[in-house]
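Nothing in this text is a laboratory measurement; each read-out follows from the coordinates by a stated rule. No experiment lies behind these values; they were computed from the predicted model shown. For neighbour counting, all protein chains shown are included, and Cβ atoms are generated from backbone atoms with ideal geometry for every residue, glycine included.
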Amino acid sequence: MLRYPHCVRLQAILLLATGAIMLLLAGCASLAQRDPVRVSVVGIEPMAGQGMEARFAVKLRVQNPNEAVIDFDGVALELELNGKPFATGVSDYKGSVPRFGETVVTVPASVSALTVMRQALGMIDGNAAAELPYVLRGRFGGGVLGGMRFSESGMLRLPAAF
């Protein structure tokens with residue numbers, strides 16, 4: 001008969017808990033091996049707006065540099081222009097990006113008339129340039145751990161009429 005049977009149970013519980021933690025950490029490490037998706041703006045087309053807003057269909061090319069298909073359910077984006085918030089958009093589009101493949105996703109985005117006027121006034125005040133810096137941030141919904149964030153920045157070239 002064992003003198004301290006509760007110690008054997010405690011050791012068994014600690015051993016099982018340690019094994020479970022190691023399995024969880026190994027699982028998380030395998031998820032982290034995925035390269036980020038590449039997202040670029042490939043088109044902006046006007047849409048009908050309401051009241052004092054402008055609406056655009058923002059077309060995003062999504063490239064998957066990974067060996068596994070990426071499924072998503074919904075897209076949200078924010079567009080910053082010249083260092084200031086400009087447009088936001090969401091779509092409940094559900095789709096996937098094939099392994100080592102790409103797809104184009106269209107997201108409707110809204111801009112208030114006040115924001116458009118503020119940007120135009122900033123350009124008139126002597127800050128006009130042939131190019132404006134932009135930042136596009138967003139998130140694909142669903143998937144592993146509730147979604148995947150993306151970010152792109154660059155320079156937006158203005159037409160010569162500006």
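Dividing the alpha-carbon Rg of the stretch 38-157 by 2.2 N^0.38 Å yields what?
Working: Rg = 15.5 Å, N = 120, 2.2 N^0.38 = 13.6 Å.
Computed over Cα atoms of the stretch 38-157, the ratio equals 1.15.
Counting other beta carbons within 10 Å of each Cβ, put V58, V90 in order, fewest first.
Working: V58 23, V90 16.
Ascending number of Cβ neighbours within 10 Å: V90, V58.
List S151, S110 from most exposed to least, where exposure is judged by having the fewest other Cβ atoms within 10 Å.
Numbers: S151 12, S110 16.
Ordered by Cβ neighbours within 10 Å, fewest first: S151, S110.
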